[in-house]
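The values are calculated or read from the model by the stated rules, or taken from the named source; none is laboratory data. Predicted model, so just to flag it, every value in this text is computed and none were measured. As a convention, Cβ positions derive from the backbone with ideal geometry for all residues, glycine included, and neighbour counts pool all protein chains shown.
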Amino acid sequence: MSKNSESYALDLFALAYDENKVEEVRQELKTLITLLKGEPMMITILKNPKMVLGEKKKFLQEGVAREMSSILIDFVMRLIEEEALDLLDHIAFLYNQGVRQYLEDYLGIVEGEVYSAVPLTEDQMKRLTQTFERKCGKEVRFIATVDPSLIGGYRVKIQSKVYDDTIKLQLNQLRESLEKS
């Protein structure tokens with residue numbers, strides 16, 4: 001029976017949940033995806049039909065042993081065995097979405113993204129987090145990303161909303177206002 005990405009993502013979530021490693025596996029998946037994109041030869045080796053499964057597992061363990069738990073290594077081996085390694089990117093995306101939903105629904109934690117032109121200080125992050133915790137009524141965790149094109153200020157994506165207080169937006173609004181005049 002052929003499985004789809006969603007089924008695999010749910011299976012991985014169940015395995016991670018049982019071991020109380022939901023967040024760890026999410027970080028490991030992110031690391032693995034980055035590694036595989038940076039080293040495409042690894043995918044070629046792992047998909048090589050002439051290489052037996054035991055050799056592939058040993059190769060994978062040697063390549064990522066420090067970065068990955070046995071949960072993820074065994075899961076990737078299952079994908080290889082079921083010829084579903086090509087689904088890994090989509091599985092990782094769905095797993096991440098599932099973890100976000102789990103955090104919000106069961107733990108009352110909302111994840112958001114904050115973009116700024118320069119890295120935010122610890123104090124700025126703390127104030128921003130407190131502001132959005134009051135606004136959302138839940139604990140907030142931010143993933144910070146530096147985007148120099150914003151010029152200044154910040155943009156926050158949280159739940160399905162975007163809060164934009166960037167210089168770039170203000171300049172665009174000013175330009176539009178001047179064009180209308």
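Conditions (1) in contact (Cβ under 8 Å) with a residue 60 or more places away in the chain; (2) surrounded by 12 or more Cβ atoms within 10 Å (Cβ to Cβ), marked per residue:
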site: Leu79; (1), (2): yes, yes
site: Leu94; (1), (2): yes, yes
site: Arg100; (1), (2): no, yes
site: Leu103; (1), (2): no, yes
site: Leu107; (1), (2): no, no
site: Ala117; (1), (2): no, yes
site: Val156; (1), (2): no, yes
site: Arg175; (1), (2): no, no
site: Leu178; (1), (2): no, no
Checklist outcome for this item: Given the conditions (1) in contact with a helix residue (DSSP H, G or I) (Cβ under 8 Å, 6 or more places away or on another chain); (2) closer than 28 Å to Arg100 by Cα, every one holds for Lys37 apart from (1)
Checklist entry - Of the residues Ala117, Ala92, which is among the hydrophobic types (A, V, I, L, M, F, W, C) and farther than 30 Å from Lys3 by Cβ? => result Ala117
Next on the checklist: Any residue that is surrounded by 14 or more Cβ atoms within 10 Å (Cβ to Cβ), under 20 Å from Glu19 (Cα atoms) and in the same structural domain as Ala9 (by TED's automatic domain parsing) - is there at least one of those in the stretch 32-46?
Outcome noted: yes
Item to check | Residue ID - surrounded by the fewest Cβ atoms within 10 Å (Cβ to Cβ), chosen from residues in the stretch 57-73 that are modelled with pLDDT of 90 or more, in contact with a helix residue (DSSP H, G or I) (Cβ under 8 Å, 6 or more places away or on another chain) and assigned to a helix (DSSP H, G or I) | outcome: Ile71
Checklist entry - Name the residues in the stretch 1-34 that are free of Cβ contacts under 8 Å to residues at least 60 places away in the same chain and either charged (D, E, K, R) or in contact with a Gly (Cβ under 6 Å, 6 or more places away or on another chain) (or both), would you? => result Asp18, Glu19, Lys21, Glu24, Glu28
Item to check | Selection within the stretch 104-143 - in a loop (DSSP other than H, G, I, E, B) and either on the phi < 0 side of the Ramachandran plot or in contact with an Asp or Glu (Cβ under 7 Å, 6 or more places away or on another chain) (or both) | outcome: Gly108, Ala117, Val118, Pro119, Leu120, Thr121, Lys138
